[in-house]
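Let me begin by presenting the structure, written as structure tokens, before commenting on it.
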Amino acid sequence: MRFLPFLLSILIWFQPKAQSNPAITSWLQNTTETGNYYLSGNSMAIDNGILYNCQKIEYSENFVYVHTHGIPSYPTGPFQDGNPSQAENQNAIFQIPLNPTEETGNKQSTTAGNIGIFINGVALFDYRDGVAWNPQTNALCGGPGNPRCPGDMDWNRDAVPAEMEGFDCSKGHPAKGNYHHHQNPTAFKLDKNVVSTICNLYDADGLYAIDQTKHSPLIGFAYDGFPIYGAYGYKNTDGTGGIVRIKSSYELKNITSRLNGPDVDNSYFLGYFKEDYQYVKHDEEDYLDEHNGRFCVTPEYPNGTYAYFATVDENWNSVYPYAIGPTFYGQYQNRSVNSVDENTTVYEKSASIDAKAKMEIQIFPNPSAELIAVQTKGLNLNTLSVHMLSINGEEVYKGQINSGQTLSYISTEALYSGMYILVVRSNKDILLQEKVKVVR
């Protein structure tokens with residue numbers, strides 16, 4: 001019987017250590033709420049009947065298994081480039097290594113399709129959209145509506161500028177039902193320079209909101225197992241120097257023509273193809289390496305880790321190579337599996353997350369004549385309830401901001417002019433209580 005206390009002590013030691021790994025604890029989970037989507041011409045979001053975020057997280061000594069349908073909590077669509085697809089149930093399991101290591105041999109190029117998973121279970125793709133330039137026909141090949149490419153091409157199209165019209169407000173779109181992002185998953189309308197008007201037509205959102213005063217949240221994991229962060233981090237790799245925008249080391253080449261490709265013009269502008277970029281090494285620590293990452297201290301990894309960053313420019317517009325690439329730093333493997341074939345422990349995230357200490361919330365406009373926006377900064381880990389009360393305490397509106405969302409809108413058109421109280425709660429905690437004025 002003396003063996004039993006020893007065994008329990010081992011289990012007690014192992015559990016907290018395993019559950020402190022951000023690759024286990026960082027996923028957004030949901031087993032009750034379903035997502036929604038917009039169709040072109042319809043201003044009302046439609047319930048898709050598919051559970052959003054991740055449904056189950058389990059782990060072994062070496063891997064974490066992420067069960068997800070690949071649907072975000074923010075609305076998807078519409079896709080105004082004629083894409084006939086919608087975000088569909090992926091019913092996927094991803095096996096992410098808990099102890100990733102550097103690839104010391106030839107680095108693996110990123111591939112078409114999934115190259116990582118965001119913490120809401122949505123897929124990350126690299127720069128490409130499957131379209132390239134065929135010098136034999138002097139025309140584009142690959143992708144919908146084009147003939148198949150005869151082999152590897154010298155000039156491969158960058159999806160982010162080329163498919164701008166087809167991205168929804170959250171900067172995502174589906175490929176045969178697999179909804180994904182090629183770039184930083186924040187809403188277009190929250191960028192300093194707004195390059196798409198899609199958010200003006202269909203209220204939507206993104207995984208997180210950029211906050212240039214704080215280290216960006218951990219937003220996903222690459223297929224080599226290393227974490228992916230948002231756009232801002234510590235200036236120095238040891239965690240000092242303050243918060244700065246972490247920068248890509250890729251720059252556009254100074255060219256006007258392309259060997260075996262189209263000349264640079266308004267249709268095939270610089271940046272239209274991935275090969276228009278070149279890597280330029282920088283000595284400053286806030287610039288990334290050729291894989292779009294660096295070894296550094298982060299809030300989740302105080303002892304340091306290799307990490308990728310979702311790069312943007314000073315206006316918060318996406319910058320090549322966007323998240324990972326064009327090669328992986330670590331040992332790559334296709335992480336999609338059909339089942340879990342080893343003993344695991346299911347990770348149950350605590351329901352009591354200290355949102356009050358981490359969450360910043362803004363209300364605008366105030367006063368309002370039509371609608372009020374409730375905007376959280378950073379990454380929202382909880383489902384927040386939003387209440388509008390009359391000055392006498394009568395509830396006139398109730399809504400919510402789901403985990404993995406940052407925005408909620410309250411229509412004030414049906415309300416009388418006057419003062420109201422807006423309350424935002426996380427579980428029983430009041431995160432914000434503020435007077436708002438409705439005017440006519």
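The values are calculated or read from the model by the stated rules, or taken from the named source; none is laboratory data. Because the structure is a prediction, the values reported are computed rather than measured. Note: ideal-geometry Cβ built from the backbone for every residue, glycine included; neighbour counts use all protein chains shown. These area figures cover heavy atoms from the full protein model, side chains too; ligands, DNA and RNA do not enter into them. Shrake-Rupley method; radii C 1.70, N 1.55, O 1.52, S 1.80 Å.
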**Report entry** Cβ-isolated cysteines (cut-off 4.7 Å), the chain
**Finding:** Cys54, Cys296
Requested in this report: On the protein heavy atoms, probe 1.4 angstrom, tell me the percent of accessible surface of region 388-440 carried by carbon and sulfur.
Outcome: 47
**Report entry** Within a Gaussian network of the chain (alpha carbon springs, distance under 10 Å), most fluctuating of Gln95, Gln362, Gln55
**Finding:** Gln362
Report summary line: region 39-175 -> Rg/Rh from Cα coords, Kirkwood Rh, value 1.02
Query raised in the report: For region 108-188, rounded, prolate or oblate, judged on the Cα gyration tensor with a ≥ b ≥ c (square roots of eigenvalues), a/c < 1.5 rounded, else prolate if a/b > b/c?
Result: prolate
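Sum -39500 (n - 2.57) across every DSSP H segment of at least 4 residues in the chain, then divide by the residue count to get the 222 nm mean residue ellipticity, nearest 500.
-2000 deg cm²/dmol, from helical runs alone.
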Query raised in the report: Roughly speaking, to the nearest percent, how much of region 100-219's 1.4 Å accessible area is carbon and sulfur?
Result: 46
Report task. With all distinct Cα pairs included, what does the Kirkwood hydrodynamic radius of region 245-358 come out to in Å, to one decimal, could you say? Result -> 17.8
Query raised in the report: Cα to Cα, under 19 Å, and not fewer than 8 places away if on the same chain: which aspartates and glutamates meet these conditions relative to Lys281?
Result: Glu251, Asp289, Glu290, Asp313
Requested in this report: Go ahead and set up a Gaussian network model of the chain, Cα springs under 10 Å, then flag whichever of Asn146, Asn91, Asn21 fluctuates most.
Outcome: Asn146
Report summary line: With every protein chain kept in place and a 1.4 Å probe, the chain has an accessible area per residue in Å² of 46
Query raised in the report: What is the sum of charges around Asn343, taking Lys and Arg as +1, Asp and Glu as -1, for the other residues whose C-beta is under 11 Å from the C-beta of Asn343?
Result: -4
Query raised in the report: What's the FRET efficiency of Asp47 with Asn91 using the Cβ-Cβ distance as r and R₀ = 22 Å, to the nearest 0.05?
Result: 0.75
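Taking the Cβ of Glu370 as the centre, find all other residues whose Cβ is under 11 Å away and add up their charges (Lys, Arg: +1; Asp, Glu: -1).
0
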**Report entry** By average C-beta atoms within 10 angstrom, highest first, the peptides 101-108, 153-160
**Finding:** 153-160, 101-108
Report summary line: In order over region 305-314: 3J(HN,Hα) from phi, Karplus 6.51/-1.76/1.60, θ = phi - 60°, whole Hz, x for each Gly or Pro, gives 7, 6, 8, 8, 10, 7, 7, 9, 8, 5
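Using the Cα centre as the reference, give the magnitude of the dipole from point charges on the C-beta atoms of the chain (Lys, Arg: +1; Asp, Glu: -1; all else neutral), rounded to the nearest 20 debye. Spell out each step's value before the answer.
Numbers: 31 positive and 47 negative charges, 182 e Å.
Using Cβ point charges on Lys, Arg, Asp and Glu, the chain gives about 880 debye.
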Query raised in the report: Which of the pairs Lys107/Lys171; Lys398/Lys428; Lys192/Lys428; Lys189/Lys428; Lys398/Lys437; Lys192/Lys247 have their Cα atoms more than 25 Å apart in this structure?
Result: Lys107/Lys171; Lys192/Lys428; Lys189/Lys428
Report summary line: All alpha-carbon distances of region 308-436, grouped into 10 Å bins from 0, give the whole-percent distribution 10, 29, 24, 21, 12, 5, 0
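Just order 333-341, 188-196 by mean Cβ neighbour count inside 10 Å, highest at the front, would you?
Details: 333-341: 12.9, 188-196: 16.6.
Taking the mean over residues of other Cβ atoms within 10 Å, the ranking is 188-196, 333-341.
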Report summary line: The answer for the net charge of residues other than Gln331 whose Cβ lies under 13 angstrom from its Cβ, with Lys and Arg +1 and Asp and Glu -1, is -1
Query raised in the report: Which loop GluC sites (Glu not before Pro) in region 254-324, with loop taken from DSSP, have no more than 14 other Cβ atoms within 10 angstrom of their Cβ?
Result: Glu284, Glu314
